[in-house]
Every structure is written in structure tokens, then in C-alpha cells.
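Take a look at the structure below.
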Amino acid sequence: MSDKKNAISTKEAPAAIGPYSQAVRVGDTLYTSGQVALDPVTGQLVAGGIAEQTTRVCENLKAVLAEAGLDLVHVVKTTVFLKSMADFAAMNAIYEKYFAPAGVVPPARSTVAVAQLPKDALVEIEVIAKEAS
């Protein structure tokens, strides 16, 4: 696999809203941009609270990973940005279903509270995934 930097893009996840790629693959490693809970069809933030937004974020990440031929089990590191740490438990319950189902080694993770996220989202998640060798 080449060490050349390749952009990954799919219509199954929201289009980039700035000068960045949905993800970049270098060799066997994929680096995603942070995903917020935008519906890829409407471009609007999904209705609901932290559970609905975390679900949409994870589905967006799944779509980007799939475009690169990977899935959530390939994720080795996540960074979670929360508008409020009061949402941690609810976010974590959804996150666990996607990233740490029974029998899967969960990725390393950092979670930080931030003052604001794009589109006034409640959560944003970025991941690093590695193809199995």
C-alpha cells in the first residue's frame, strides 16, 4: 500500500463544509475528520438530543469507513468532543454499541468538553482506523 495521501469521500455522509476531506488514507491508516450529526441527505442537524446525535455521528463515521473498505472494528483511536460533559453517560451508551460490542477490543479514546461545535452540535467524533495486516 502506498504512503501517498488519498482523500476518501462518500455521499453517504455529510459533504465537507470547508477546505478539508471527509477522511484521508495514508498507507493502511485512515484518519477521519470529525463528524457531527448532520443528515447526509438534508445537510441539517438531526432532531433530538445527545442520543440521536451520537447515533447519527456513528452512522456518518461508518459510511466514511465503508467508503475506504473498513468498518468500526478497524478503529484504533477516537476523539470525542462534547458540548457538555453532562451528556457523557448518554453519549457513552450509544458509543459503546458502535465501538465496543461484545468481543471487540474497544479503541483508545479521548473525550473533551468544548465551548461550541459546528452547527451548534452536541457531539463530534473523529477516528483513526487501521487496516488489519
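Read the figures in this text as sums done on the coordinates, not as results from a lab. As the structure is a computational prediction, the values presented were derived from the model and not from experiment. All Cβ positions, glycine included, derive from the backbone under ideal geometry; neighbour counts span all protein chains shown.
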Query raised in the report: So Asp87 clears everything in (1) more than 11 Å from the chain's Cα centre (by Cα); (2) closer than 19 Å to Val24 by Cβ; (3) crowded, with 16+ Cβ neighbours inside 10 Å except one condition, right? Which one?
Result: (2)
Report summary line: Of (1) surrounded by 17 or more Cβ atoms within 10 Å (Cβ to Cβ); (2) under 18 Å from Ala16 (Cβ atoms); (3) of a type in the set (Phe, Trp, Tyr), Tyr31 satisfies every one except (1)
Query raised in the report: Any residue at all in the range 81-88 that is touching a Pro at 6+ places or on another chain (Cβ under 9 Å) and among the aliphatic types (A, V, I, L, M)?
Result: no
Query raised in the report: Taking strands (runs of 3 or more DSSP E) that do not extend beyond the range 56-133, which have at least 1 residues that are under 24 Å from Lys11 (Cβ atoms) and polar (S, T, N, Q)?
Result: 75-82
Query raised in the report: Which of (1) within 12 Å of the chain's Cα centre (by Cα); (2) more than 17 Å from Arg25 (Cβ to Cβ) does Gly48 not meet, given it meets every other one?
Result: (1)
Query raised in the report: Which condition breaks for Thr29 when tested against (1) touching a strand residue (DSSP E or B) at 6+ places or on another chain (Cβ under 9 Å); (2) among the hydroxyl-bearing types (Ser, Thr, Tyr); (3) without any contact (Cβ under 8 Å) to a residue 24 or more places away in the chain?
Result: (3)
